[in-house]
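Just below is one structure, and these are the notes that go with it.
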Amino acid sequence: MKALAALHVTTFNETHSGFKAPTYETREWQWQKAFQDKDDSWFCLVIEKKDEGLIGFAKGQSYNHADHAEFSGELNKIYLLRKYHRLGLGRQLVCKVANEFIKRGINSMLLFGDAIIHQINFMNKWVQKNCLQRMENFTAVMVGQI
């Protein structure tokens, strides 16, 4: 739990510099509570590098909201230490999340992200082409937020 909380704080700060980030203590409490109350509505996948520990993680969860009723899964969090960007690890993590949803009978997922249209278009096209081409009847989309 401690390693996941520390990774979450570090990657959040790398990704969202300028925002007031939650403290390590807050993240540790959040993850402890999540795993203590664990049910089948969510899962967490991690990437661990030998001799370095955790370097990335993703959290998937059920999605049941009227605003995007056509989706039943949400890629709620995905973070990777910056020094491991552009190595394909994030892409693999997205695919692993999609596969986990399929195992759970969930055939669609969305990811809320910053409202940068070229990133949204790239993500949507990339996921469809590289991750889901072998997965029939699965839909994924990134929804921009302002």
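Key figures for this structure:
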| read-out | value |
| --- | --- |
| Test for Leu75: is it buried (at least 18 other Cβ atoms within 10 Å of the Cβ), of a type outside the set (S, T, N, Q), within 17 Å of the chain's Cα centre (by Cα) and farther than 22 Å from Ile102 by Cα | no |
| Residue in the range 67-78 that is modelled with pLDDT under 95 and at positive phi present | no |
| Whichever residue in the range 78-107 is touching a residue at least 60 places away in the same chain (Cβ under 8 Å) and not aliphatic (A, V, I, L, M) and, among such residues, is surrounded by the most Cβ atoms within 10 Å (Cβ to Cβ) | Tyr79 |
| Residue among Leu93, Leu89, Leu111, Leu81 that alone is of a type outside the set (Gly, Ala, Ser) and either touching a helix residue (DSSP H, G or I) at 6+ places or on another chain (Cβ under 6 Å) or within 15 Å of Leu7 (Cα to Cα) (or both) | Leu81 |
| Some residue of the range 21-42 being without any contact (Cβ under 8 Å) to a residue 40 or more places away in the chain, touching a helix residue (DSSP H, G or I) at 6+ places or on another chain (Cβ under 8 Å) and within 19 Å of Gln92 (Cα to Cα) | yes |
| Some residue of the range 84-93 being at positive phi, at pLDDT below 90 and either assigned to a helix (DSSP H, G or I) or not polar (S, T, N, Q) (or both) | yes |
| Residue within the range 103-113 that is of a type outside the set (D, E, K, R) and touching a His at 6+ places or on another chain (Cβ under 8 Å) present | yes |
| Condition met for Asp51 (among the acidic types (Asp, Glu), within 20 Å of His85 (Cα to Cα), more than 17 Å from the chain's Cα centre (by Cα) and part of a loop (DSSP other than H, G, I, E, B)) | yes |
| Candidate set from the range 32-45 (those that are of a type in the set (A, V, I, L, M, F, W, C) and within 14 Å of Asn76 (Cα to Cα)); member that is surrounded by the most Cβ atoms within 10 Å (Cβ to Cβ) | Cys44 |
| Residues located in the range 48-67, provided they are within 23 Å of Ser108 (Cα to Cα) and either surrounded by 15 or more Cβ atoms within 10 Å (Cβ to Cβ) or touching a Pro at 6+ places or on another chain (Cβ under 8 Å) (or both) | Gly56, Phe57, Ala58, Lys59, Gly60, Gln61, Ser62, Tyr63 |
| Positions within the range 14-48 being assigned to a helix (DSSP H, G or I), over 23 Å from Val97 (Cα atoms) and of a type outside the set (A, V, I, L, M, F, W, C), in sequence order | Tyr24, Glu25, Thr26 |
| Selection count where residues are of a type outside the set (Phe, Trp, Tyr) and within 14 Å of Met109 (Cα to Cα), scope the range 33-47 | 1 |
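The values are calculated or read from the model by the stated rules, or taken from the named source; none is laboratory data. Here the structure is a predicted model, which is why all the values come from computation and not from measurement. Using ideal geometry, Cβ is built from the backbone for each residue, glycine included, and neighbour counts are taken over all protein chains shown.
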